[in-house]
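The values are calculated or read from the model by the stated rules, or taken from the named source; none is laboratory data. Predicted model only: the values in this text are computed from it and were never measured. Glycine gets a Cβ as well: all are built from the backbone with ideal geometry, and neighbour counts include every protein chain shown. Remember, those area values only see protein heavy atoms, side chains included, never the ligands or the DNA or RNA. Shrake-Rupley method; radii C 1.70, N 1.55, O 1.52, S 1.80 Å.
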Amino acid sequence: MERSDVPGLVAVVLVTLATLAIGTWGLRFSRTTSDFFVASRTVRPGLNASAIGGEYLSAASFLGIAGLLLVGGADMLWYPVGWTAGYLVLLVLVAAPLRRSGAYTLPDFAEARLGSRTVRAACSLLVVGIGWLYLIPQFEGAGITLRSAIGAPEWAGSLVVAAVVLANVTSGGMRSVTFVQAFQYWLKLTALLVPAAVLVAVWWGDGRPAGSVGGDGWSTPVAGDGGAGLYTTYSLIAALFLGTMGLPHVVVRFYTNPDGRAARRTTVVVLALLGLFYLWPPVYAALGRVYGEQLVAEGRSDVLVLELPRAMLDGVGGDLLTGLVTAGAFAAFLSTSSGLAIAVSGVITQDVVNRFVGEQRGVTAFRLAAMVAVVIPVVAALLVHDVGVAQSVGLAFAVAASTFCPLLVLGIWWRRLTDTGALAGLVAGGLGAGGAAIATLAGYSPGGWAGALLAQPAAWSVPVAGIVMVTVSLATAGREPAHARRFLVRLHTPESLGR
């Protein structure tokens, strides 16, 4: 092993050991099935917000944004803005009512609201699909990080993250993972902030040189030659603003709050934590325009955060900063993967294992489901190549925005939603955005408008899903659930008034 590989290896080992140690400590508090699914609904806003920040700030946030900004310029700032603003939409429309529903998962909410096992089954399939689509870039990013840090083959990073996630999730479930993710948020913030401050000081000492790497094309109607394009930009905004509320690992966190008021307070704190984190990737991108020309030329912009310290600093200083950012990147993969594994495992447990095995096996069923939830996307990550980390995550947001966003908004705010309308909208949005995501991941890129519509489907798939859901519900008004009015009153009544 070369000397330059040592900091990265030490960072990965330390983060892994810290993650396992905190998870083992949290195991002391995980005794019931409710602890595994929703931490018995006792997580307070401060801790929950840190945990949400930990799981939400994924490979795309830690590595992808800086690389996108380096290549695409300020156009790509819509990614961090959209990922943060999505919580504002969630705060206003969904957070408190969703917590008051009393559900454990999104399929639970759908069945309670619409009284349909068929809609529940459709939601279960979507949760698993979105979760796996989001897990693939986490494992892919882990492979990129280990290759950059210690020269390991890409498959090694995927397998290491999968093993650690399985160990944490199966040992303590949501209760244990909450403590791990809260720690990992602050680790990731430190791992970006401290090196950024040092590297800005180095740049200043170099005489503040200017760089020329980057693209433009903001006003072109279709993406091409590195430009974002107006359609692509608007579609990206729709996916990021509306997709957050449909991400299974995000939504399940709001079931862990004690009540609706705590859910709202959690969301406000999350907005502050995300805003603080997203100040720093643009700093790396700006410095990369000066010192990272080689990465752009080689098509390796995703590793900018990992390799910039050594590009700017020689010797021990560069090695230490590289170790710190490597630790942050690895924490990003572990925390997000853990949250997704929890969400997908919960759905598989309730809707597959318990139902078809015919036994209420509780924690054992959850652990079996966790194996399935992690192994399949790991295999997919090893087979899928050359798809950008941020792009993969953007596709997951588009599918979530096209399915669960209209279901949640209409289910919470519109009494006339029917099971047939909900199912039709889920199918329309799922097939539209999901088909586009599969085509993109498979490498199909026709160019022009067709390519733009496939690469960023939210601008058309979200309206289609919403229109279909409303139209079919109005056409099947006789299927409106008898308990709909009472259920909506429950969603919108503060707990203090119900006592």
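Every residue, every condition in (1) among the polar types (S, T, N, Q); (2) open to solvent by 20 Å² or more (accessible area, probe 1.4 Å); (3) more than 18 Å from the chain's Cα centre (by Cα), yes or no:
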| residue | (1), (2), (3) |
| --- | --- |
| LEU98 | no, no, yes |
| GLY102 | no, yes, yes |
| LEU114 | no, no, yes |
| VAL119 | no, no, yes |
| SER124 | yes, no, no |
| ILE130 | no, no, no |
| LEU133 | no, yes, no |
| PRO137 | no, no, no |
| ALA142 | no, no, no |
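For segment 51-83, what are the residues that are β-branched (Val, Ile, Thr) and either in contact with a Ser or Thr (Cβ under 8 Å, 6 or more places away or on another chain) or crowded, with 23+ Cβ neighbours inside 10 Å (or both)?
Selection gives ILE52, ILE65, VAL71.
Which residue out of ALA162, ALA152 is in contact with a helix residue (DSSP H, G or I) (Cβ under 7 Å, 6 or more places away or on another chain) and outside any helix (DSSP H, G or I)?
ALA152
Taking the stated definitions as given, is SER337 modelled with pLDDT of 85 or more, on the phi < 0 side of the Ramachandran plot and not acidic (Asp, Glu)?
yes
Out of the residues in segment 271-285 that are over 17 Å from the mean Cα position of the chain (by Cα) and aliphatic (A, V, I, L, M), state the one that is least open to solvent (accessible area, probe 1.4 Å).
Among those that are over 17 Å from the mean Cα position of the chain (by Cα) and aliphatic (A, V, I, L, M), it is ALA285.
Would you check if PHE241 is aromatic (Phe, Trp, Tyr), closer than 30 Å to ARG120 by Cα and open to solvent by less than 40 Å² (accessible area, probe 1.4 Å)?
No: the conditions fail for PHE241.
Here is a list: VAL316, VAL347. Which entry is more than 20 Å from LEU57 (Cβ to Cβ), at pLDDT 85 or above and in a helix (DSSP H, G or I)?
VAL316
Does segment 41-49 include one or more residues that are within 25 Å of THR256 (Cβ to Cβ), open to solvent by less than 10 Å² (accessible area, probe 1.4 Å) and modelled with pLDDT of 80 or more?
Scanning segment 41-49 turns up at least one residue that is within 25 Å of THR256 (Cβ to Cβ), open to solvent by less than 10 Å² (accessible area, probe 1.4 Å) and modelled with pLDDT of 80 or more.
Of the residues ARG367, ARG415, which is basic (Lys, Arg) and at pLDDT 90 or above?
So the residue among ARG367, ARG415 that is basic (Lys, Arg) and at pLDDT 90 or above is ARG415.
For VAL127, state whether it is outside any loop (DSSP other than H, G, I, E, B), closer than 23 Å to LEU240 by Cβ, of a type in the set (A, V, I, L, M, F, W, C) and modelled with pLDDT of 85 or more.
Yes.
Could you identify the single residue in VAL198, VAL89 that is of a type in the set (Val, Ile, Thr), in contact with a Phe, Trp or Tyr (Cβ under 9 Å, 6 or more places away or on another chain) and over 24 Å from VAL374 (Cβ atoms)?
Step by step, each of VAL198, VAL89 is checked, and only VAL89 is of a type in the set (Val, Ile, Thr), in contact with a Phe, Trp or Tyr (Cβ under 9 Å, 6 or more places away or on another chain) and over 24 Å from VAL374 (Cβ atoms).
Just one of VAL409, VAL387, VAL375 is within 30 Å of ARG300 (Cα to Cα) and either assigned to a helix (DSSP H, G or I) or modelled with pLDDT of 95 or more (or both); which is it?
VAL375
Could you count how many residues in segment 428-469 are open to solvent by 50 Å² or more (accessible area, probe 1.4 Å), of a type outside the set (Phe, Trp, Tyr), part of a helix (DSSP H, G or I) and in contact with a helix residue (DSSP H, G or I) (Cβ under 7 Å, 6 or more places away or on another chain)?
Residues in segment 428-469 being open to solvent by 50 Å² or more (accessible area, probe 1.4 Å), of a type outside the set (Phe, Trp, Tyr), part of a helix (DSSP H, G or I) and in contact with a helix residue (DSSP H, G or I) (Cβ under 7 Å, 6 or more places away or on another chain): 2 in total.
Starting from residues that are touching a residue at least 40 places away in the same chain (Cβ under 8 Å) and not β-branched (Val, Ile, Thr), keep the ones in segment 461-474 and report whichever is farthest from THR420 (Cα to Cα).
Checked segment 461-474; the qualifying residue farthest from THR420 (Cα to Cα) is SER461.
Look at LEU69 and say whether it is at pLDDT 80 or above and closer than 12 Å to PHE330 by Cα.
Criteria not met by LEU69.
State all residues of segment 248-270 that are modelled with pLDDT of 85 or more and open to solvent by less than 40 Å² (accessible area, probe 1.4 Å); if no residue qualifies, say none.
Answer for segment 248-270, where residues must be modelled with pLDDT of 85 or more and open to solvent by less than 40 Å² (accessible area, probe 1.4 Å): THR266, THR267, VAL270.
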